[in-house]
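Undergrad: The following block contains the structure, expressed as structure tokens.
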2 protein chains.
Amino acid sequence: MAKINPVSGFPEWLPEEKLIEQFFLDTVRKKFELYGFTPIEPRSIEPLDVLLSKGDDKEIYTLRRLHEEDPSAPAEFGLHFDMTVPFARYVQQYRGHLNFPFKRYQIQKAWRGERPQEGRYREFYQADIDVINEGDLPISYDAEFPQLIHDIISSLPTPPVCIRVNNRKILTGFYQALSISDAAGVLRVVDKLDKIGASAVIGSLKDELGLSQEQAELCLKLGQIKSSDLSFVKEVQALGYSHPTLQEGLDELAFVVAASQSLPQGTLLADLSLARGLDYYTGTVYECNFVGHESLGSICGGGRYDNLASDDKVKLPGIGISFGITRMLGYLFARKMLKANKSSPVTVLVALPSEEARLEAITIANRLRSRGISTDVNHAAQKFGKQIRNAERSGVPYVWFFTQGDASSYELKDIRTGEQTKVSVETWEPKPEDTKLQVSLNLEP
Amino acid sequence: MAKINPVSGFPEWLPEEKLIEQFFLDTVRKKFELYGFTPIEPRSIEPLDVLLSKGDDKEIYTLRRLHEEDPSAPAEFGLHFDMTVPFARYVQQYRGHLNFPFKRYQIQKAWRGERPQEGRYREFYQADIDVINEGDLPISYDAEFPQLIHDIISSLPTPPVCIRVNNRKILTGFYQALSISDAAGVLRVVDKLDKIGASAVIGSLKDELGLSQEQAELCLKLGQIKSSDLSFVKEVQALGYSHPTLQEGLDELAFVVAASQSLPQGTLLADLSLARGLDYYTGTVYECNFVGHESLGSICGGGRYDNLASDDKVKLPGIGISFGITRMLGYLFARKMLKANKSSPVTVLVALPSEEARLEAITIANRLRSRGISTDVNHAAQKFGKQIRNAERSGVPYVWFFTQGDASSYELKDIRTGEQTKVSVETWEPKPEDTKLQVSLNLEP
């Protein structure tokens, strides 16, 4: 057989891994619904101009029909690179049919033609929640997201989360107070503080953006402020600059930090270097890491945007976050950090005593299925030892034996313990842990 | 606001419709697992040569990075147009890691650049199950699929299903007995019998494929045989031709029909005109319609393929079917044939008595959430009448009232009945029908 190579950046899981992905997606979805978010699923494509108008260049994949009438015509559509841009378009398009504040979740794949590396894929699952309102969107929504992020990550078999939070108004207000005109440029440089270090930030601010030594140092000092409580407010004030936008940002961030004090120590951190790359954020921004696994990068991030879905006539401010499901799983799978109690959805394998008994085996399987028990029939009348090994290999916990034509002959073997007991097709119940997938974090793989 | 137009062929549902789609996908998935299928999810793209090597031209969408280094280089990859071709490639690629017979399901989107019309989309959900084995795959698998299709469609709020079944060996064996060389060509023409009628079939067979009048009439006669029991065997024999492949097909189809006699009358029909367009089928083929809604076309189809995943060294025969989820939903939504008991996942809306009481409202919501009750907090301290209307508009059945600082003040209003009762945040339980989405078929919309 010709060897088939994987396609770089397009990860594929084995069946037992896909079961775990399913578990992650189901858990996240359930939590989203618990917090009042409703699902939507916009199409996978957007007009290229919509994709290109929103912030960063995301290495878009364009789409063309193979049998395009005019093969030289430029592509009209591309695959979406996130959930937020299609969501904003969806809200504009269907506004008359939606109830505001509109709280929606989207769990879909996105595509980016970036250079693949660990944690960065060309095809990946994102799980997003956003709220968009007509008119104003209270700051209390900004304060609820850390609780929700913490709740979701706590319910997944992952390391704990550290949520870094900031408010863009603090940064842009401060830069305005310093009479810096290219606030967006400074944001982008300061955002890299963790990656490139203080002196490189100073260098970039001076050489690339033309800031004075004093301006650059002040921007750096602001970006170096971190606190898990409200002390960041005084530290910013101590820098000695004021501006209405700066003050608004401080008030908003203080509200968010104060409302999150019930979270476990270390979960929330005000980090004034945080800016997030996307141009559309206008206030609160979040970025989350697995504690002790910072090299993976952000596993969840987002923020508030006032103008993404708004137009000249209607103000539609929003706030949202996105969980990088594939990024988490790629990292955890590669390190064998996830352990599941099952590697198959099947609970019972009905052993086939002879080819003639197949109809009876299928009848037994269908009766168990009608009672909600996932059942399979061995594909051939092999020796029983071989049929038991089939169950073992597939991760099926029970094998059902019978003698053709004799309902009193039914016996069930738990292949984990070797125990074999008489059973009835009408009353036997698996234990809850036999049917429910449980995934745990394995810190010493 | 500039009007945003839909993109033809890329359907998008409103939130209450997406909830119903979710219900369909969840139901199908649960049934797949009940019958012993395990999930996989291959990437959305395949190399173009893989896509182009398998059967029909499917109007493939090709993919390119917008910033491709060499914009004139031909596209390498396309979006998959079905689940079967990626599955066959997946089995070849990961064979050493899989257990055979490998029973898998895939619920994913597929893309085809065909001209959109009702029931035909450019982006759509397919839900597929297939079994692939190393070596031989017993005919009993062919016989189990009708039971499974019937079980799945019965568990969805749709019209009942009619499963038409045939075996390609009957057709190709019969054509060989008639010394017709272009069996594939004849298959394609006879497959259209229902659409174009008997005289057009005769015409095409003679004019396009060069068959004699007698050959054409015999092909037509074979294609006109239909029966819900085993009588088709005698009807074929009465045509007076025999061939080993024809006999094999008759035996296999008889086995499938005999095994399905416990299904409700009208569910299964042997239909000897059925061929299915895809070249890769080699034995049993299925095609299913909603009874009374034949104009929609096939809502589920598939069959057996011996050579899709096989290569020179290893025989990997398979059988599978595909449910056209988007096709079903597009049709049922357009006719308002589906009725749900809920239009939101939220069960309780906590009314906000004042802005100052917001923290308490969030605490109430979080306590209900911690007990698994999906809860939202009204976004603003509006008049209670307005907050109740918000719940009504969003399809939320209960509104929770409280006076700030007074846990004994909790009252819950069922906005469907108007009934209001004293409740506790620790003990109140919604009725199961308040939390579980139920969708029913509405035959007189």
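The values are calculated or read from the model by the stated rules, or taken from the named source; none is laboratory data. Quantities reported herein were computed from a predicted structural model and do not represent experimental measurements. Glycine also receives a Cβ, built like all others from the backbone with ideal geometry; neighbour counts cover every protein chain displayed. Note: areas computed on protein heavy atoms with side chains; ligands, DNA, RNA excluded. Shrake-Rupley method; radii C 1.70, N 1.55, O 1.52, S 1.80 Å.
Undergrad: Report the accessible area of A:T421, computed with a 1.4 Å probe over the heavy atoms of all protein chains in place, in Å² rounded to the nearest 10.
TA: Solvent-accessible area, nearest 10 Å²: 60 Å².
Undergrad: A further question on this structure: Counting other Cβ atoms within 10 Å of each Cβ, which trypsin sites (Lys or Arg not before Pro) in the range B:186-229 have at most 10 and sit in a DSSP loop?
TA: none
Undergrad: If you bin the C-alpha pair distances of chain B every 20 Å from 0, what whole percents do you get?
TA: 21, 45, 25, 9, 1
Undergrad: Let me ask something else. What is the range B:8-149 by shape, rounded, prolate or oblate, if you read a ≥ b ≥ c off the alpha carbon gyration tensor as root eigenvalues and call it rounded for a/c under 1.5, prolate for a/b larger than b/c, and oblate otherwise?
TA: Note, shape of the range B:8-149 comes out oblate.
Undergrad: Explain nothing, just compute: Karplus ³J(HN,Hα) = 6.51 cos²θ - 1.76 cosθ + 1.60, θ = phi - 60°, for every residue of the range A:390-399 in order, whole Hz, x for Gly and Pro.
TA: Along the range A:390-399, the couplings run 4, 4, 4, 4, 8, x, 9, x, 10, 10 Hz.
Undergrad: Rounded to whole angstrom, how close does the nearest chain A beta-carbon get to the axis mapping A onto B, and which residue is it?
TA: Its Cβ sits closest to the axis: A:L63, 3.
Undergrad: Here's something else I'd like to know. At a probe of 1.4 Å, how much accessible area disappears from chains A and B on forming the pair, both sides counted, to the nearest 100 Å²?
TA: Chains A and B together bury roughly 7900 Å² of accessible area.
Undergrad: Same structure again: Out of all DSSP beta bridges in the protein assembly as shown, what portion is antiparallel? Express it as a percent rounded to 5.
TA: Roughly 85 percent of the beta bridges in the protein assembly as shown run antiparallel, per DSSP.
Undergrad: Separate question: Please report the spacing between the Cα centers of the range B:272-304 and the range B:109-147 in Å, no decimals.
TA: 10 Å
Undergrad: Quick check on the range A:391-445: what are the equivalent-ellipsoid semi-axes from the Cα gyration tensor, as sqrt(5λ), descending, whole Å?
TA: Equivalent ellipsoid semi-axes, largest first: 29, 12, 9 Å.
Undergrad: Next question, about the same structure. So, how do all the Cα-to-Cα distances of the protein assembly as shown break down into 10 Å bins, in percent, from 0 on up?
TA: 2, 11, 19, 23, 20, 13, 7, 4, 1, 0, 0
Undergrad: Related question: Using a Förster distance of 45 Å, how high is the FRET efficiency between B:A75 and A:E426, based on the Cβ-Cβ distance and rounded to 0.05?
TA: Once the sixth-power term is evaluated, E becomes 0.20.
Undergrad: Follow-up. Normalised by the number of residues in chain B, what is the relative contact order in percent for Cα pairs under 8 Å and 6+ residues apart?
TA: With pairs under 8 Å counted, the relative contact order is 16 percent.
Undergrad: Which one, B:L308, B:G223, B:L79, is farthest towards the positive end of the dipole of chain B when Lys and Arg carry +1 and Asp and Glu -1 on their Cβ?
TA: Of the listed residues, the answer is B:L79.
Undergrad: Distance in nm between label sites at A:D406 and B:S179, each 7 Å beyond Cα in the beta-carbon direction?
TA: 5.9 nm
Undergrad: Using θ = phi - 60° and the Karplus form 6.51 cos²θ - 1.76 cosθ + 1.60, what ³J(HN,Hα) does each residue of the range A:32-41 get, whole Hz, x for Gly and Pro?
TA: Those phi angles translate into 4, 5, 4, 8, x, 9, 10, x, 9, 8 Hz.
Undergrad: What pairs in A:K103/B:K339; B:K221/B:K336; A:K18/B:K342; A:K31/A:K342 have C-alpha atoms more than 32 Å from each other?
TA: Those over the limit are B:K221/B:K336.
Undergrad: Under the Karplus relation 6.51 cos²θ - 1.76 cosθ + 1.60, θ = phi - 60°, what is the ordered set of whole-Hz ³J(HN,Hα) values for the range B:243-249, x standing for Gly and Pro?
TA: Result, ordered by residue: 6, x, 5, 4, 5, 4, x Hz.
Undergrad: For the pair B:L25 and B:L239, what calculated FRET efficiency results from E = 1/(1 + (r/R0)^6), where r is the Cβ-Cβ distance and R0 = 35 Å, to the nearest 0.05?
TA: Result of the calculation: an efficiency of 0.20.
Undergrad: At a probe radius of 1.4 Å, what is the per-residue accessible area of B:R327, in Å² to the nearest 10?
TA: Looks like 60 Å² after rounding.
Undergrad: By its C-alpha gyration tensor, with a ≥ b ≥ c as the square roots of the eigenvalues, how is the range B:159-215 shaped: rounded for a/c under 1.5, else prolate for a/b larger than b/c, else oblate?
TA: Verdict is oblate for the range B:159-215.
Undergrad: Still on this structure: In terms of Cα to Cα distance under 13 Å, which aspartates and glutamates are near enough to B:K383, apart from those fewer than 8 places away along the same chain?
TA: Correct list for B:K383: B:E355.
Undergrad: Using a probe radius of 1.4 Å on heavy atoms only, what accessible surface per residue do you get for the protein assembly as shown? Whole Å² is fine.
TA: Ligands and nucleic acids excluded, the result is 40 Å² per residue.
Undergrad: May I ask you to derive the relative contact order of the range B:348-432, considering only C-alpha pairs under 8 Å and at least 6 residues apart, and to give it as an integer percent?
TA: 30 percent
Undergrad: Using a basic spin-label model with each label point 7 Å from the Cα along Cα→Cβ, how many nm lie between B:Q265 and A:E68?
TA: Label-label distance for B:Q265 and A:E68, simple model: 5.7 nm.
Undergrad: Per the 1.4 Å probe, what fraction of the accessible area of the range A:15-339, in percent, lies on carbon and sulfur atoms?
TA: Answer for the range A:15-339 is 48 percent, counting heavy atoms of protein chains only.
Undergrad: Taking all protein chains in place and a 1.4 Å probe, what share, in percent, of the accessible surface of the range B:348-432 do carbon and sulfur account for?
TA: Heavy-atom surface of the range B:348-432 belonging to carbon and sulfur, 1.4 Å probe: 54 percent.
Undergrad: Please identify which residues in the range A:275-291 have an amide N closer than 20 Å to a label point set 7 Å out from the Cα of A:D251, following the Cα→Cβ vector.
TA: A:282-285
Undergrad: Build a GNM of chain A with springs between Cα atoms under 10 Å: which of A:A380, A:A254, A:A275 gets the top mean-square fluctuation?
TA: Highest fluctuation of the listed residues: A:A380.
Undergrad: To the nearest 10 degrees, how steep is helix A:325-334 against the longest Cα principal axis of chain A, on a 0 to 90 scale?
TA: 60 degrees
Undergrad: Turning to a different aspect of this structure: Would you list which aspartates and glutamates come within 17 Å of A:K234, measuring only between C-alpha atoms, while excluding same-chain residues fewer than 8 positions from it?
TA: A:E248, A:D251, A:E252, A:D271
Undergrad: Run the dipole for the range B:348-432 about the Cα centre, Lys and Arg Cβ at +1, Asp and Glu Cβ at -1, nothing else charged, and hand back the magnitude in debye, nearest 20.
TA: 280 debye
Undergrad: Okay, moving on. What number, rounded to the nearest 500 deg cm²/dmol, is the helix-based mean residue ellipticity at 222 nm of chain A, given -39500 (n - 2.57) per DSSP H run of at least four residues and division by all its residues?
TA: -10500 deg cm²/dmol
Undergrad: Taking 0.36 nm per intervening residue step and subtracting the Cα-Cα distance, what contour gain separates A:E16 from A:D136 on full extension?
TA: 38.6 nm
Undergrad: Another question, if that's okay. Taking the Cα centre of the protein assembly as shown as origin, work out the dipole magnitude from +1 charges on Lys and Arg Cβ and -1 charges on Asp and Glu Cβ, in debye rounded to 20.
TA: Rounded to the nearest 20 debye, it is 960 debye.
Undergrad: What are the lysines whose alpha-carbon lies under 16 Å from the alpha-carbon of B:K386, with same-chain residues fewer than 8 places away excluded?
TA: Excluding near neighbours in sequence, the set is B:K413.
Undergrad: Among rounded, prolate and oblate, which fits the range B:228-295 when a ≥ b ≥ c are the square roots of the eigenvalues of its C-alpha gyration tensor, a/c under 1.5 means rounded, and a/b larger than b/c means prolate?
TA: oblate
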